């Protein structure tokens, strides 16, 4: 899988996932490096998670190339509707050593 960039749509686990980065502090209670991931028509939480989790893991893996490591600090699904499911995840930066 190639390196992920922001504000894209990718296919993950046979599901189209849109994602992007949110500026820190824009959403109350969410700080650090914050990303959103959206799927559509994923009624089943397991299918939504199966599509989103590999992308979150890839962001963490890619961060290790820069001498630091992102550590997941918070994850939530604030939107779960019939046609749109959104996961928010925040990270903090930690030295890789």
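Summary of values
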{"quantity": "Residue ID - modelled with the highest pLDDT, chosen from residues in segment 72-97 that are more than 21 Å from residue 27 (Cβ to Cβ) and not in a strand (DSSP E or B)", "calculated": "83"}
{"quantity": "When residues of segment 80-96 are limited to those that are over 9 Å from the mean Cα position of the chain (by Cα) and closer than 12 Å to residue 19 by Cα, the one surrounded by the fewest Cβ atoms within 10 Å (Cβ to Cβ)", "calculated": "86"}
{"quantity": "Cβ-Cβ under 9 Å pairs, at least 6 apart or on other chains, segment 27-43 side in contact (Cβ under 8 Å) with a residue 60 or more places away in the chain and at positive phi, far side in a loop (DSSP other than H, G, I, E, B) and crowded, with 20+ Cβ neighbours inside 10 Å", "calculated": "none"}
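The values are calculated or read from the model by the stated rules, or taken from the named source; none is laboratory data. Quantities reported herein were computed from a predicted structural model and do not represent experimental measurements. Every residue, glycine as well, gets a Cβ built from its backbone with ideal geometry; the counts of neighbours run over all protein chains shown.
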